[in-house]
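Derivation of every value follows stated rules applied to the coordinates shown; laboratory data play no part. Note that the structure is predicted; figures quoted are calculated from it, not measured. Every residue, glycine among them, receives a Cβ derived from its backbone with ideal geometry; neighbour counts consider all protein chains shown.
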Amino acid sequence: MPDPNDSPAVQSYNAESARNRTAKDPLEQGLEDSFPASDPVSAVHTSAANVRDDGANSSEDEYPLVDEALRSTRHSSFGDGSERVQALRRDAARITGQASEVASGTADLARDEWRSFVRGVEGRIRERPLTAVGIVAALAYIWGATR
């Protein structure tokens, strides 16, 4: 019977494992290069939002390089791209507002449904208080017996 370690798949796996053991992860290498440091190395790149001098987000200057590229092309098939870009920005702002309203409405609806459920349970308890006490006692007994 042939040795299972002689198969090409096992040999390839072993070679790959050996390469992975010798090659260092970029995050691990960065950590070693920066040791000792006050903050750990991050493999994630972040960017800051464009903010105007007055502190508000700048929707017109959000992508200045894109706007500059559109202005510089002035290709006849595109026409004047600035109007299209402005229209797209207005549409995006409108859609964002509508999504925010939908999310707010959904939260309000869920809150109202929960309140309705609680009121229904309270009403049933007031109608049949002895039944409610019996159910709670049974649940407490079962819960206590399983602990």
Obtain the nm distance between the two label points defined at residue 136 and residue 100 by a simple spin-label model: each point lies 7 Å from its Cα along the Cα-to-C-beta direction.
4.4 nm
With a Förster radius of 30 Å, plug the Cβ-Cβ distance of residue 92 and residue 113 into 1/(1 + (r/R0)^6) and report the FRET value to the nearest 0.05.
0.45
